[in-house]
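*Asks:* Would you mind keeping the following structure in view while I ask a few things?
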Amino acid sequence: MARYVYDFAQGGRDMAGLLGGKGSNLAEMTRLGLPVPPGFVITTEACRAFLATGGEPEGMWQEVSEHLTTVETAAGRLLGQPADPLLLSVRSGARFSMPGMMETILDIGLNDDSVLGLAKVSGSERFAWDSYRRLIQMFGSTVMGVDPALFERAIALLKDLRGAPDDVHLDTADLAQLVETYKNIIHLETGEHFPQSPAEQLRRAVLAVFQSWNGERARLYRRREHIPDDLGTAVTVQCMVFGNLGPDSGSGVAFTRDPATGRPGLYGDYLPNAQGEDVVAGIRNTVPLAELGRLDPHSYARLCEHMRTLERHYRDLCDIEFTIERGRLWMLQTRVGKRTAEAAFAIAAELADEGLITPDESLARVSGEGLARLMFPRFDTSAVGDPLAHGLPASPGAAVGAAVFDSAVAVRRAAAGENVVLVRQETTPDDLPGMIAAQAVLTSRGGKTSHAAVVARGMGKVCVCGAEELSVDIEARRFTAPDGTVVEEGTVISVDGSTGAVYPGPVPLVDSAVMRFLESGAGEEGSASAVDAVARALARADTVRRLEVRANADTPEDAARARRFGAQGIGLCRTEHMFLGERRKLVEEMILAGTDGARDRALAALLPLQREDFSGILEAMDGLPVTIRLLDPPLHEFLPDRTELAVRIAAAEARGDLPAAHDVELLSAVNRMHEENPMLGLRGVRLGLVVPGLVAMQVRAIGEAVAERTRAGCSPRAEIMVPLVGDVRELRIVREEVERVLDEVSAASGVPVSCPVGTMIELPRAALTADRIAAEAEFFSFGTNDLTQTTWGFSRDDVEAEFFSAYLDKGVFPVSPFETLDRDGVGRLVRMAVAEGRATRPDLKIGVCGEHGGDPDSVHFFHAAGLDYVSCSPFRVPVARLEAGRAAL
Ligand code: PEP
Ligand code: MG
């Protein structure tokens, strides 16, 4: 029979799948001998069973009772015993951290009798009644489903009545009265009484935590973070310790290094005489951790020692939650801490320097997504005035948007295409949708470990918190700065998550230091550590990666930039981008040509222009391969809009004029070429087969550019790629023409010109017949944009906006298949084509040039599938280099 409960002493950090992150790390700390209040963990497996059947799995309660007895024995007290009650916390804890997204219930075990016992043993009646009312409030809303606003209203009413500015000013009698009011609310709302039995409280709390896995905000968070829906949460049941028992008690959150910059040294927030929840909620402002060294040097010294132990043991940045109960330090949680992208690079480099991790582990600790974040621009503050205020720089980056004051408005305005900044006094998990929708989050209360800060950092969202100088009035939907400036809802502000500054109006942006480094290869003062750490990670990635990284580029400028970013060639030069603008007229003439002579003239006019294009790109990429793709898009894209033409002709006729002959001729051509499904129509290789002279013109331009650059003493390496091939015969016909034209160019120029000819694999039929196609192709390049479109039957232009959000909601896929390669379907075709292509031609060079070439997850797939290179947009080249390195570890 499955086992559903583990004592802390029986688990360890390698059991996160079963015990959740929180539970497995508590177990690890227990094993390390750190002071952890005793407790046990109910497994994720029990949760999954409960969610599947609606009932707890057989035998689970028996196990819980046994473990409870062990804990009671260790504590020397019984759960809820009247004279000196043992109290428990019941907390969620999934495999992946989901801060504040699920339920927690504290003070389980209090009832009308044990509250009196607690008052006596703690020496504080007020504390006992406050704990009891917290339990009823939490239990009532979480377990019994009472609207939390009812409890909030009751306490607000009582405060008004007493003239008390906050909870602290309510006395014991007030709190006892509140307990009665809360109990009445529960009875009125549910017809049930608040359960007095500690065992029943425990049982119902555990089931409510299970249930909270499927709560709305938990689901939203998982979707956003790509956490699977079927993991379930573990439940940690642990003896309560109290940080609110007087001035020698308190709670705090600490990091072994600064999670914003990565700088070494203890770092955190402490709140004297408070419970942990008060710190995370950001309701009262905390003091810096160093202050604890003054308040309680003994506990501080022990805390420092434990944190050193943890960092050495985990070999990574750890964050912890701790409570001091009357001078005694307790460790309540630890985990490998979330950090900003900048900190991730800095910490990875430093831990390697300290010898705690190897260079390869250091590379594994950073990510392409983090690098992409560091490449974003920052504010140029040289030309703007003073900031409105300063808060704590909680999550870096530069964001500009209209100030909004609640989650719903943020969601609405963002959906209408506006950039918004969510401004709150503090955030709660209910603000999650607004935080996702906003460019930045700004709060007036709370430390760098408040909910707003932790969640924003996890999402890579700009956040400034604890900007106390701002007076935020949510009801009036405005905030006031110290200089009297009033910012109403809708006013644009700029938020700098790297410095904590908040500016009025939009502040212009400049390139980031990392971007300047990537563009120039030179460092930048002031941000040396992040830039240096990025440089080191990229250097390591370049050493270990097997995949080459090329760029998709169609201009000499893009090619040059890509080369500076480390591209090893061009994997896709889309020639249709060269046919736009002024040249469109020439293309129109080519399409409309009534005679061979007219068409030849149009093509002859295009030839020198194309030659110049190719020459510039080959120059920028001299010595490296440049894959030039023959023209791809539907021809009608080069003709005027059908409706506009028809309207123009009709208008002329209505005026009694004769429509322009050119318009009539154009309209008939446009009608002739009209397609219902142009993406599945006259595109790619099909054009080459039906428009005489088109392939020859492009190949001649390539060949002449190669000859010209060779004569100039350079090393041009053009490759010719045929798009949208579905059958080997299409490729053979084009290939013969390519070879004929290149022979002609060689003869005419006196320079022997030969270019490898390859094909895109972007139709299922091409993948399915790759063995035959490889006989005619010297290389394959997967066009995963079209291959995804045609494998799924999803129009790449429409579906994402149309219905993907519903598909994502319903869990059909966790992320758009146009963004991250669908390994099961499209990926299977890729693997098949690689195997069969290489069976025919063992030295077949294989790459990918769809958007997936720059997507981290997909890069790992392409590495595993045995490709030779990925090709992506120039800005993604560093990201792809890094991920190709990580994939090879
Ligand atoms: C592709 O289809 O993946 C591709 C790279 O070609 P395009 O996006 O130009 O159709
Ligand atoms: Mg394509």
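The values are calculated or read from the model by the stated rules, or taken from the named source; none is laboratory data. Because the structure is a prediction, the values reported are computed rather than measured. Note that we place each Cβ from the backbone using ideal geometry, even for glycine, and neighbour counts take in every protein chain shown.
*Asks:* Looking only at residues that are in contact with a Leu (Cβ under 6 Å, 6 or more places away or on another chain) and among the small types (G, A, S) in the stretch 755-799, which one is farthest from G854 (Cα to Cα)?
*Replies:* In this case the residue turns out to be A774.
*Asks:* All but one of (1) assigned to a helix (DSSP H, G or I); (2) more than 15 Å from ligand 1 (Cβ to nearest atom); (3) not basic (K, R) hold for C755; state the number of the condition that does not hold.
*Replies:* If we test C755 against (1) assigned to a helix (DSSP H, G or I); (2) more than 15 Å from ligand 1 (Cβ to nearest atom); (3) not basic (K, R), just (1) comes out false.
*Asks:* Quick check on A646: is it touching a Leu at 6+ places or on another chain (Cβ under 8 Å), over 30 Å from R881 (Cα atoms) and aliphatic (A, V, I, L, M)?
*Replies:* yes
*Asks:* Looking only at the stretch 835-851, filter to residues that are at pLDDT 95 or above and within 16 Å of ligand 1 (Cβ to nearest atom); which one of those is farthest from D771 (Cα to Cα)?
*Replies:* C849
*Asks:* Which of (1) touching a Gly at 6+ places or on another chain (Cβ under 6 Å); (2) charged (D, E, K, R); (3) in a loop (DSSP other than H, G, I, E, B) is the odd one out, the single condition R339 does not satisfy?
*Replies:* (1)
*Asks:* Is there any pair linking a residue in the stretch 630-646 that is under 14 Å from L580 (Cβ atoms) and touching a residue at least 60 places away in the same chain (Cβ under 8 Å) to one that is among the acidic types (D, E) and within 16 Å of ligand 1 (Cβ to nearest atom), with Cβ under 6 Å and at least six apart or on different chains, and which?
*Replies:* From the stretch 630-646, the pairs are L631/E576; D632/E576.
*Asks:* List the residue pairs whose Cβ atoms are under 6 Å apart, where the first residue sits in the stretch 742-762 and is touching a residue at least 12 places away in the same chain (Cβ under 8 Å), the second is among the aliphatic types (A, V, I, L, M) and in a loop (DSSP other than H, G, I, E, B), and the two are 6 or more positions apart or on different chains.
*Replies:* These pairs meet every condition: L742/V753; V745/V753; S746/V753; G758/A777; T759/V725; T759/A777.
*Asks:* Please count how many residues of the stretch 43-63 are β-branched (V, I, T) and closer than 13 Å to A234 by Cα.
*Replies:* Summing the residues that are β-branched (V, I, T) and closer than 13 Å to A234 by Cα in the stretch 43-63 gives 2.
*Asks:* Now for a separate question. Scan the stretch 552-600 for residues that are closer than 27 Å to P716 by Cα, more than 16 Å from ligand 2 (Cβ to nearest atom) and of a type in the set (K, R) and jot them down.
*Replies:* R561, R563, R564, R583
*Asks:* Tell me, yes or no, whether the stretch 751-763 has at least one residue that is surrounded by 23 or more Cβ atoms within 10 Å (Cβ to Cβ) and within 27 Å of the chain's Cα centre (by Cα).
*Replies:* No: the stretch 751-763 contains no residue that is surrounded by 23 or more Cβ atoms within 10 Å (Cβ to Cβ) and within 27 Å of the chain's Cα centre (by Cα).
*Asks:* Let me spell it out: the conditions are (1) crowded, with 16+ Cβ neighbours inside 10 Å; (2) out of contact with any Asp or Glu (no Cβ under 9 Å at 6 or more places or on another chain), and H193 meets all of them except one. Which number is the exception?
*Replies:* Here H193 clears every test but (1).
*Asks:* Could you list, in sequence order, all residues of the stretch 182-220 that are hydroxyl-bearing (S, T, Y) and not in a loop (DSSP other than H, G, I, E, B)?
*Replies:* Residues satisfying the conditions are Y182, T190, S212.
*Asks:* Looking at P678, P716, P659, which one is within 16 Å of ligand 2 (Cβ to nearest atom) and either of a type in the set (G, A, S) or buried (at least 16 other Cβ atoms within 10 Å of the Cβ) (or both)?
*Replies:* Being within 16 Å of ligand 2 (Cβ to nearest atom) and either of a type in the set (G, A, S) or buried (at least 16 other Cβ atoms within 10 Å of the Cβ) (or both) holds for just one of P678, P716, P659, which is P678.
*Asks:* Residues in the stretch 342-359 that are in contact (Cβ under 8 Å) with a residue 12 or more places away in the chain, of a type outside the set (V, I, T) and not in a helix (DSSP H, G or I): how many?
*Replies:* 1
*Asks:* For residues in the stretch 470-521 being among the charged types (D, E, K, R) and closer than 25 Å to V877 by Cβ, which is surrounded by the fewest Cβ atoms within 10 Å (Cβ to Cβ)?
*Replies:* Restricting to residues being among the charged types (D, E, K, R) and closer than 25 Å to V877 by Cβ, the top hit is E519.
*Asks:* Just one of (1) in contact (Cβ under 8 Å) with a residue 24 or more places away in the chain; (2) away from ligand 1 (no atom under 13 Å from the Cβ); (3) of a type in the set (F, W, Y) trips up F780, so point out which.
*Replies:* (2)
*Asks:* With respect to R655, is the statement that it is without any contact (Cβ under 8 Å) to a residue 40 or more places away in the chain, under 27 Å from C755 (Cβ atoms) and of a type outside the set (A, V, I, L, M) true? Break it down into steps so the answer makes sense when it comes.
*Replies:* Numbers: without any contact (Cβ under 8 Å) to a residue 40 or more places away in the chain: yes; under 27 Å from C755 (Cβ atoms): no; of a type outside the set (A, V, I, L, M): yes.
It is false that R655 is without any contact (Cβ under 8 Å) to a residue 40 or more places away in the chain, under 27 Å from C755 (Cβ atoms) and of a type outside the set (A, V, I, L, M).
*Asks:* Output yes when any residue across the stretch 659-666 is within 30 Å of R796 (Cβ to Cβ) and away from ligand 1 (no atom under 16 Å from the Cβ), and no when none is.
*Replies:* Scanning the stretch 659-666, I find at least one residue that is within 30 Å of R796 (Cβ to Cβ) and away from ligand 1 (no atom under 16 Å from the Cβ), so the answer is yes.
*Asks:* Among the residues that make up the stretch 873-887, is at least one of them over 20 Å from the mean Cα position of the chain (by Cα) and within 16 Å of ligand 2 (Cβ to nearest atom)?
*Replies:* No.
*Asks:* A further question follows. Inside the stretch 546-581, can you point out the residues that are within 13 Å of S781 (Cβ to Cβ) and more than 13 Å from ligand 1 (Cβ to nearest atom)?
*Replies:* E548, G569
*Asks:* For the stretch 727-738, check the following and say yes or no: at least one residue is farther than 27 Å from A559 by Cβ, of a type outside the set (D, E), in a loop (DSSP other than H, G, I, E, B) and in contact (Cβ under 8 Å) with a residue 24 or more places away in the chain.
*Replies:* Checked the stretch 727-738: no residue is farther than 27 Å from A559 by Cβ, of a type outside the set (D, E), in a loop (DSSP other than H, G, I, E, B) and in contact (Cβ under 8 Å) with a residue 24 or more places away in the chain.
*Asks:* May I pose another question? Return the residue satisfying two criteria in turn: it lies in the stretch 809-830 and is in a helix (DSSP H, G or I) and surrounded by 16 or more Cβ atoms within 10 Å (Cβ to Cβ), and of such residues it is farthest from ligand 2 (Cβ to nearest atom). Steps first, please.
*Replies:* Step one: list which residues in the stretch 809-830 are in a helix (DSSP H, G or I), which gives 809, 826-830.
After this cut, where a residue has to be surrounded by 16 or more Cβ atoms within 10 Å (Cβ to Cβ) as well, the list is 826-827, 829-830.
On the way: V826: 13, G827: 17, L829: 14, V830: 14 Å.
Looking at residues that are in a helix (DSSP H, G or I) and surrounded by 16 or more Cβ atoms within 10 Å (Cβ to Cβ), I get G827.
*Asks:* Let me ask you something else. Can you tell me which residue among A767, A747 is modelled with pLDDT of 95 or more, in a helix (DSSP H, G or I) and either buried (at least 16 other Cβ atoms within 10 Å of the Cβ) or within 43 Å of the chain's Cα centre (by Cα) (or both)?
*Replies:* Within the list A767, A747, the selection yields A767.
*Asks:* Among the residues in the stretch 409-419, are any of a type in the set (A, V, I, L, M), touching a residue at least 40 places away in the same chain (Cβ under 8 Å) and buried (at least 22 other Cβ atoms within 10 Å of the Cβ)? Break it down stepwise before answering.
*Replies:* The first filter runs over the stretch 409-419 and keeps only residues of a type in the set (A, V, I, L, M), leaving 409-411, 414-416.
Filter once more, keeping what is touching a residue at least 40 places away in the same chain (Cβ under 8 Å): 409.
This time we only want the ones that are buried (at least 22 other Cβ atoms within 10 Å of the Cβ), so: none.
Checked the stretch 409-419: no residue is of a type in the set (A, V, I, L, M), touching a residue at least 40 places away in the same chain (Cβ under 8 Å) and buried (at least 22 other Cβ atoms within 10 Å of the Cβ).
*Asks:* Considering each of G100, G117 in turn, give the residue that is crowded, with 20+ Cβ neighbours inside 10 Å and touching a residue at least 12 places away in the same chain (Cβ under 8 Å). Quick ask: steps written out before the conclusion?
*Replies:* Details: G117 fails: crowded, with 20+ Cβ neighbours inside 10 Å.
G100 is the lone residue from the list that is crowded, with 20+ Cβ neighbours inside 10 Å and touching a residue at least 12 places away in the same chain (Cβ under 8 Å).
*Asks:* Inside the stretch 778-802, can you point out the residues that are surrounded by 19 or more Cβ atoms within 10 Å (Cβ to Cβ), at pLDDT 95 or above, more than 10 Å from ligand 2 (Cβ to nearest atom) and part of a loop (DSSP other than H, G, I, E, B)?
*Replies:* Answer for the stretch 778-802, where residues must be surrounded by 19 or more Cβ atoms within 10 Å (Cβ to Cβ), at pLDDT 95 or above, more than 10 Å from ligand 2 (Cβ to nearest atom) and part of a loop (DSSP other than H, G, I, E, B): there is none.
*Asks:* Yes or no: S805 without any contact (Cβ under 8 Å) to a residue 40 or more places away in the chain, among the polar types (S, T, N, Q) and over 21 Å from L768 (Cα atoms)?
*Replies:* Criteria met by S805.
*Asks:* Among G853, G866, G885, which is the only one that is within 14 Å of R546 (Cβ to Cβ), crowded, with 22+ Cβ neighbours inside 10 Å and touching a helix residue (DSSP H, G or I) at 6+ places or on another chain (Cβ under 7 Å)? Step through it out loud before you land on a result.
*Replies:* Details: G853 fails: within 14 Å of R546 (Cβ to Cβ); G866 fails: crowded, with 22+ Cβ neighbours inside 10 Å.
From the options G853, G866, G885, the qualifying one is G885.
*Asks:* Then there is this: Residue check, L432 against (1) at pLDDT below 95; (2) in contact with a strand residue (DSSP E or B) (Cβ under 9 Å, 6 or more places away or on another chain), all met but one. Which one?
*Replies:* So the condition that L432 fails would be (2).
*Asks:* Taking the criterion of being in a helix (DSSP H, G or I), within 40 Å of the chain's Cα centre (by Cα) and charged (D, E, K, R), would at least one residue in the stretch 50-62 satisfy it? Step through it out loud before you land on a result.
*Replies:* As a first pass, look at the stretch 50-62 and keep what is in a helix (DSSP H, G or I): 50-53, 60-62.
Checking which are within 40 Å of the chain's Cα centre (by Cα) leaves us with 50-53, 60-61.
From what's left, charged (D, E, K, R): none.
No, the stretch 50-62 contains no residue that is in a helix (DSSP H, G or I), within 40 Å of the chain's Cα centre (by Cα) and charged (D, E, K, R).
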